[in-house]
Amino acid sequence: MVNTVHKFGGSSLSTSERYQHVAKIIIANSQAGDCVVVSAAGKTTDTLVKLWQSYLQKDSQALNDILLLLHNQQKGLIDPLLHGDIKHETLQQLDNELLIINQHISQKKLSEAALLAHGELWSARLLAAYLQTLAIPAHALDARTLFTLSDGQLLTQKNIQQTGQYILAEKINVVTGFIAANVQGETVTFGRNGSDYSASLLAYYCHANSVSIWTDTQGVFSTDPRKVKQAIKYSKVCRGQAHLLALLGNPVLHAKTLSPLKNTDIKLAVRSSFDIEATPTEVVKEGYTKQKRFITTLTNVDLLRVEGLHSKEVAHVSQLIQQSLHHFNQHGETYIIVPAHYTHQVVSYFAGRANISESNLNGCALVASESEALQLCTQAQELLNQQRIEPRFIHQGGSYAIILTEQVIDSDVLSELHERLINKGQELAIIIAGLGNVGEVFINQLSNQINRLAQHFDVKLVGLLRSKTMLFNASGVCLDTWQKQYKSEAAPYKTADLLEQIKALDYDHKVVIDITASHSFSQLYLQFSQLNCHLISANKYAGTAATPWYNTLRNHLAERNLHWRYNASVGAGLPINFALADLQNSGDEVIKIEGVFSGTLSWLCSRYDGSVAFSELLFNAQKMGITEPDPREDLSGRDMQRKLLILARELGIELDLADISLSPLMPQALTSGSWDDFIDNKQLLDSFISEQADLAEQNNAVLRYTGVLEVIEGKVVAQVGINFVAKGHALANLTPGDNIFVINSQFYKDNALVIQGPGAGTQVTAAGIHSDLFWLVQALK
Ligand code: ADP
Ligand code: ASP
Ligand code: MG
């Protein structure tokens with residue numbers, strides 16, 4: 001079975017030393033049955049093209065010179081690599097072939113494709129022979145026995161059968177790239193750079209797991225790394241963008257390479273045959289990586305306007321001139337960009353339908369996400385104008401832009417464009433869990449915030465999760481239409497799917513924002529940290545988990561320099577965490593925090609004056625939607641207990657929930673049983689509260705439900721429960737619903753620092769989460 005199809009381009013086979021190196025790569029990276037697709041060595045195809053042109057021009061001097069050059073080049077490769085009989089045989093075969101070419105020249109029956117095929121035939125033969133001398137079972141295969149086309153269409157069934165027959169499981173199969181045969185048995189080629197396509201086609205026919213394109217760069221870059229030193233290497237590029245780049249004339253992959261892989265899971269990687277340790281670029285399916293930015297140059301092209309241009313015709317012409325071609329519509333006209341060298345051939349193909357609209361142009365093309373392409377195009381024009389380079393023709397279509405100019409875009413200008421347009425800031429991917437009221441408001445405020453952060457960071461929302469369905473798009477979910485998109489595209493998921501998607505994200509930074517109230521989701525935090533995600537939580541469960549788990553999470557995060565913010569889990573948007581951090585950073589020491597950290601209990605206690613039964617107030621609050629679905633969750637005080645624990649941990653105090661004593665705001669008898677039982681026995685609640693309120697009154701105090709954390713002589717005392725608060729105290733005069741934090745420290749000993757305000761509500765909670773996100777970006781800058 002074929003595991004991997006390796007492909008080595010001409011640049012990887014340019015000298016005998018490179019062949020030796022390639023053999024080493026094959027030995028280390030392949031197994032019996034694998035295929036190795038090879039291109040013509042170095043610039044052999046260019047030389048064969050020149051031979052063909054000299055033949056057409058009947059330039060016999062040039063013909064002789066080129067034949068001699070080819071002979072010497074091949075001999076130069078064979079000599080150091082092979083020995084004895086096998087060397088003799090290989091040289092003999094070369095001489096015979098050159099002789100036949102010569103005869104065909106004299107008999108005027110040379111065929112272009114058959115001539116060009118020699119480059120690949122020589123490479124495959126030499127590499128297979130060299131592997132054999134290293135005792136590696138290998139054989140050379142002429143791809144014309146594997147790939148047959150009829151009228152330009154591949155005969156899939158026949159080709160699958162042929163590859164099944166000729167690819168040997170016990171050998172390394174060294175296959176010629178670039179060439180195939182038609183049903184008449186004549187040679188056809190896949191066009192310049194076509195060996196990439198041969199490799200993906202072969203992988204498709206033999207159900208290989210992966211294709212490795214070994215070349216002379218470390219992978220796919222934001223621009224040609226030979227021209228721009230600062231080119232960014234991408235670890236992942238999506239298939240659509242790779243295809244577009246190729247159509248726009250970029251050589252790193254052939255345009256058709258992706259088509260056989262379309263509905264398969266065959267992996268495609270571009271790797272360096274010069275530096276095998278370097279991480280490859282994976283070319284992945286759409287949605288598995290975000291859209292990247294690229295800039296590629298165009299040289300010596302003509303712009304043709306063609307009447308009624310059909311994409312089938314483009315494919316034909318592309319086959320005819322052996323070049324990838326890009327065509328597009330603009331203002332009702334159809335254009336095609338053609339390397340100037342082939343314009344004559346293309347114009348005659350269209351027999352009067354093609355007009356040269358602009359000729360001898362250069363320029364550049366930008367490839368980016370749809371949301372960025374237009375803006376990049378405008379910026380590129382401005383930058384070119386500053387360099388006194390006047391665009392002659394501009395086309396912006398969806399996710400790319402083409403700018404044609406008279407001047408060549410040299411390395412300096414390309415570097416400048418790259419620096420200003422492509423190499424922009426770091427990227428942060430956001431995954432949001434929990435799309436309830438707060439989640440919704442948070443997302444709706446997000447596009448504003450993203451603009452605010454845009455100066456330093458490119459922030460994208462890539463994942464939206466509910467408990468059972470998720471919408472994930474590595475390129476970013478559109479913030480204007482996320483709800484619609486969620487409705488139509490969200491799909492059921494398992495935790496493993498989510499982790500897989502997060503793992504695949506190739507952003508500089510990732511953050512999971514937990515706006516759920518889910519205990520089970522909080523348990524995934526460790527896994528998120530292992531995937532290098534920062535965390536922001538409004539959810540209180542992780543922050544109040546048992547100390548060993550909590551410490552493990554903290555350690556994991558610290559080891560990876562990851563941040564965890566949970567501002568909104570206590571006091572919603574109130575800046576309590578900032579205040580505590582600030583006090584500690586300024587050398588102060590917090591001695592006591594006391595307060596009301598539950599909006600519901602604040603509202604109930606502040607409203608209660610004995611005139612209306614407490615249970616009535618409770619039912620009203622429930623109707624107003626400010627209680628938990630079962631209001632006993634609020635009355636139990638557990639929520640405040642969790643918040644107090646979070647505050648304690650903010651102060652660096654090691655504590656567990658069980659260390660915080662808790663007494664509920666209801667008689668013990670009502671804490672269990674159904675909600676209906678509770679309603680039936682509401683007078684128990686009413687008399688309990690009225691007794692407590694009377695007791696408070698007798699002490700010139702009011703009934704409040706508070707939490708307190710105090711450090712007394714190094715010992716921590718923490719409790720949540722009913723408190724009789726003196727009438728003049730800050731806790732006694734609370735606007736119903738407000739939270740309050742009264743902080744005593746060494747510096748604020750006699751006169752406490754008080755933070756007070758709404759501690760619940762969608763707007764302020766969402767704002768609290770935004771504050772964490774903003775803080776995170778500042779910290780990452
Ligand atoms: P091979 O001989 O392996 O097929 P090619 O010469 O066809 O290699 O393609 C690799 C070349 O593509 C590199 O040497 C590099 O100069 C050029 N190139 C242009 N743009 C890019 C890019 N964005 N990323 C990587 N390489 C690029
Ligand atoms: N040898 C051919 C070329 O130079 C095919 C390839 O290299 O992929 O275009
Ligand atoms: Mg190539």
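When Phe747 is tested against the conditions (1) assigned to a strand (DSSP E or B); (2) in contact with a Leu (Cβ under 8 Å, 6 or more places away or on another chain); (3) within 23 Å of Leu651 (Cα to Cα), the lone failure is (1). Residues that are out of contact with any His (no Cβ under 8 Å at 6 or more places or on another chain) and part of a loop (DSSP other than H, G, I, E, B) within the range 140-158 comprise Asp142, Leu146, Phe147, Asp151, Leu155, listed in sequence order. Screening the candidates Arg192, Arg144 for the property of being within 16 Å of ligand 3 (Cβ to nearest atom), open to solvent by 50 Å² or more (accessible area, probe 1.4 Å) and of a type in the set (Lys, Arg) yields one hit, Arg192. Out of the range 1-26, which residues are within 19 Å of Gln132 (Cβ to Cβ) and not in a helix (DSSP H, G or I)? Matches in the range 1-26: His6, Phe8. In the range 705-739, how many residues are of a type in the set (D, E, K, R) and in contact with a helix residue (DSSP H, G or I) (Cβ under 9 Å, 6 or more places away or on another chain)? Total meeting the criteria: 1. Of the residues making up the range 264-305, those that are aliphatic (A, V, I, L, M) and within 12 Å of the chain's Cα centre (by Cα) number 2. Taking the numbered list (1) within 29 Å of Ser611 (Cα to Cα); (2) outside any helix (DSSP H, G or I); (3) open to solvent by 20 Å² or more (accessible area, probe 1.4 Å); (4) modelled with pLDDT of 95 or more in turn, Ser672 passes all entries but (4).
A quick yes/no check of all residues on (1) out of contact with any Gly (no Cβ under 6 Å at 6 or more places or on another chain); (2) more than 16 Å from ligand 2 (Cβ to nearest atom); (3) not polar (S, T, N, Q):
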| residue | (1), (2), (3) |
| --- | --- |
| Thr215 | no, no, no |
| Ser222 | yes, yes, no |
| Cys238 | yes, yes, yes |
| Ala246 | yes, no, yes |
| Gly249 | yes, no, yes |
| Lys256 | yes, no, yes |
| Pro260 | yes, no, yes |
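Checked against the criterion of being in contact (Cβ under 8 Å) with a residue 12 or more places away in the chain and polar (S, T, N, Q), the candidates Thr469, Thr481 yield just one match: Thr469. Taken together, the residues in the range 591-618 that are out of contact with any helix residue (DSSP H, G or I) (no Cβ under 6 Å at 6 or more places or on another chain) and part of a strand (DSSP E or B) amount to 4. Taking the criterion of being under 28 Å from Ile26 (Cβ atoms), assigned to a loop (DSSP other than H, G, I, E, B) and at pLDDT 90 or above, the residues of the range 277-310 that qualify are Pro280, Lys285. In the range 222-242, the qualifying residues are those that are without any contact (Cβ under 8 Å) to a residue 60 or more places away in the chain and within 15 Å of ligand 3 (Cβ to nearest atom), and the one that is least open to solvent (accessible area, probe 1.4 Å) is Ala242.
Starting from the range 109-134, keep only residues that are touching a residue at least 12 places away in the same chain (Cβ under 8 Å), then list their pairs with residues that are in a loop (DSSP other than H, G, I, E, B) whose Cβ atoms are within a distance under 6 Å, requiring at least 6 positions of separation or different chains. Here the result reads Gly119/Ala40; Glu120/Ala40; Glu120/Gly177; Glu120/Phe178; Ser123/Ala40; Ser123/Ala41; Ala129/Leu82, each pair linking the range 109-134 to a residue that is in a loop (DSSP other than H, G, I, E, B).
Matching residues to (1) in contact with a strand residue (DSSP E or B) (Cβ under 7 Å, 6 or more places away or on another chain); (2) surrounded by 22 or more Cβ atoms within 10 Å (Cβ to Cβ); (3) assigned to a helix (DSSP H, G or I):
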{"site": "Ile513", "(1), (2), (3)": "yes, yes, no"}
{"site": "Ala517", "(1), (2), (3)": "no, no, no"}
{"site": "Gly543", "(1), (2), (3)": "yes, yes, yes"}
{"site": "Trp549", "(1), (2), (3)": "no, no, yes"}
{"site": "Asn555", "(1), (2), (3)": "no, no, yes"}
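Residues checked against (1) within 16 Å of ligand 1 (Cβ to nearest atom); (2) surrounded by fewer than 17 Cβ atoms within 10 Å (Cβ to Cβ); (3) in a helix (DSSP H, G or I):
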{"site": "Ala28", "(1), (2), (3)": "no, yes, yes"}
{"site": "Ala40", "(1), (2), (3)": "yes, no, no"}
{"site": "Ala62", "(1), (2), (3)": "no, yes, yes"}
{"site": "Lys109", "(1), (2), (3)": "no, yes, no"}
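If you go through the range 257-272 and pick out every residue that is touching a Leu at 6+ places or on another chain (Cβ under 9 Å) and open to solvent by less than 10 Å² (accessible area, probe 1.4 Å), you end up with 4. Against the test of being closer than 24 Å to Ile431 by Cα and surrounded by fewer than 19 Cβ atoms within 10 Å (Cβ to Cβ), the options His563, His534 yield a single qualifying residue, His563. Of everything in the range 483-505, what is among the hydrophobic types (A, V, I, L, M, F, W, C) and either at pLDDT below 95 or surrounded by fewer than 19 Cβ atoms within 10 Å (Cβ to Cβ) (or both)? Give them in sequence order. Of everything in the range 483-505, those that are among the hydrophobic types (A, V, I, L, M, F, W, C) and either at pLDDT below 95 or surrounded by fewer than 19 Cβ atoms within 10 Å (Cβ to Cβ) (or both) turn out to be Ala490, Ala491, Ala496, Leu499, Ala504, Leu505.
The rows are residues; the columns are (1) open to solvent by less than 10 Å² (accessible area, probe 1.4 Å); (2) closer than 17 Å to Asn739 by Cβ; (3) in contact (Cβ under 8 Å) with a residue 60 or more places away in the chain.
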residue: Gly573; (1), (2), (3): no, yes, yes
residue: Glu589; (1), (2), (3): no, no, yes
residue: Tyr608; (1), (2), (3): no, no, yes
residue: Ala613; (1), (2), (3): no, no, yes
residue: Leu618; (1), (2), (3): yes, no, yes
residue: Lys623; (1), (2), (3): no, no, no
residue: Leu644; (1), (2), (3): yes, yes, yes
residue: Pro664; (1), (2), (3): no, no, no
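Would you call Ser259 more than 30 Å from Gln157 (Cα to Cα), of a type in the set (S, T, N, Q) and more than 18 Å from the chain's Cα centre (by Cα)? Judged against the criteria, Ser259 is not a match. Just one of the listed residues (Leu154, Leu201) is under 22 Å from His316 (Cα atoms) and modelled with pLDDT under 95, and it is Leu154. Of the residues Arg293, Arg305, the single one that is within 16 Å of ligand 1 (Cβ to nearest atom), within 30 Å of Arg392 (Cβ to Cβ) and of a type in the set (D, E, K, R) is Arg293. With the structure loaded, tell me whether Glu654 is within 28 Å of Leu535 (Cβ to Cβ) and part of a loop (DSSP other than H, G, I, E, B) or whether it fails that test. When the stated conditions are applied, Glu654 passes them.
Please work out if Lys7 is modelled with pLDDT of 95 or more, within 13 Å of ligand 1 (Cβ to nearest atom) and surrounded by fewer than 24 Cβ atoms within 10 Å (Cβ to Cβ). Judged against the criteria, Lys7 is not a match.
Being in contact with a strand residue (DSSP E or B) (Cβ under 9 Å, 6 or more places away or on another chain) and part of a helix (DSSP H, G or I) is the filter; apply it to the range 244-254 and report the residue that is nearest to ligand 3 (Cβ to nearest atom). So the residue we want is Leu245. The set of residues in the range 455-482 that are small (Gly, Ala, Ser) and either open to solvent by 70 Å² or more (accessible area, probe 1.4 Å) or not in a strand (DSSP E or B) (or both) comprises Ser467, Ala474, Ser475, Gly476.
Within the range 176-187, residues that are over 20 Å from Asp34 (Cα atoms) and at pLDDT 95 or above sit with their Cβ atoms under 9 Å from residues that are within 16 Å of ligand 3 (Cβ to nearest atom) and in a strand (DSSP E or B), at 6+ positions apart or across chains, in these pairs: Thr187/Ile179.
The values are calculated or read from the model by the stated rules, or taken from the named source; none is laboratory data. No experiment lies behind these values; they were computed from the predicted model shown. As a convention, Cβ positions derive from the backbone with ideal geometry for all residues, glycine included, and neighbour counts pool all protein chains shown. Just the protein is used for accessible areas: all its heavy atoms, side chains included, with ligands, DNA and RNA removed. Shrake-Rupley method; radii C 1.70, N 1.55, O 1.52, S 1.80 Å.
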